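Beneath this line is the structure, given in structure tokens, with notes to follow.
The values are calculated or read from the model by the stated rules, or taken from the named source; none is laboratory data. Since the model is a prediction, treat every value here as computed from it, not as a measurement. When the accessible area is computed, the model is the full protein with side chains, heavy atoms only, and any ligands, DNA or RNA have been set aside. Shrake-Rupley method; radii C 1.70, N 1.55, O 1.52, S 1.80 Å.
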Amino acid sequence: EESDEIIYEKGPVKLGKKEGVWEGKNLKENYSFSEIYNEGKFISGISTDKENNKYPYKVLMEKATHKNGMADFYRFIGKNYRRPSVRGLQGKVYITFIVDTDGSLGDFKILKDIGHGTGEEAIRVLKKAENWIPGKMRGISAKTSYSLPIKISAGNKTYKNPKPVYESEIIRNPNSPW
């Protein structure tokens, strides 16, 4: 039996690992789930929402992603971000946002900018972006926090970002450069 303030689950444990069928509830989002484990490894599950709709799943959590892939999203940012006309301006803008259960982007927060309206410009561009494919938790659409660094180089208008950073990675990485 395992519990935190949001998820309650119970099932058999063999040699310290989940085994067989586990049943649980997400108390915050109001759905129940049943999952199968083999030697501690998740195999599959099915969630049931409050209206008795069923959501089968093969992975516990899916990250939100842009409909046409992340490379297309980065091209969109690079094409639409207007760099201020300030000689020698360079650095990184860090912004977080939420991908909602319907895929819409919102709750924009500038974590760091380099002045001259660079953070506000990031928000402007993100508000223009099309909806994403929402993240899922146990087969059900869930809000996902996303962090986006935008590199601004003097005389360079291209957007460079090798890999997105998710909230869970920010929390786990205490050596982050920002």
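Quick rundown of the values:
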item: Accessible surface of the stretch 39-87, 1.4 Å probe, proportion on carbon and sulfur as whole %; result: 50 percent
item: Most to least accessible of Leu60, Leu126 (protein chains only, probe 1.4 Å); result: Leu60, Leu126
item: Average accessible area per residue (Å²) across the stretch 1-113 - probe 1.4 Å, nucleic acids and ligands excluded; result: 65 Å²
item: Apportionment of accessible area to carbon and sulfur, the stretch 91-133, percent (1.4 Å); result: 49 percent
item: Restraint check, Lys25/Lys128; Lys79/Lys127; Lys63/Lys151; Lys14/Lys63, Cα-Cα greater than 25 Å; result: Lys25/Lys128; Lys14/Lys63
item: J(HN,Hα) series, the stretch 132-147, from Karplus relation 6.51 cos²θ - 1.76 cosθ + 1.60, nearest Hz, glycine and proline x; result: 9, 7, x, x, 9, 10, 6, x, 10, 3, 9, 5, 10, 8, 9, 10
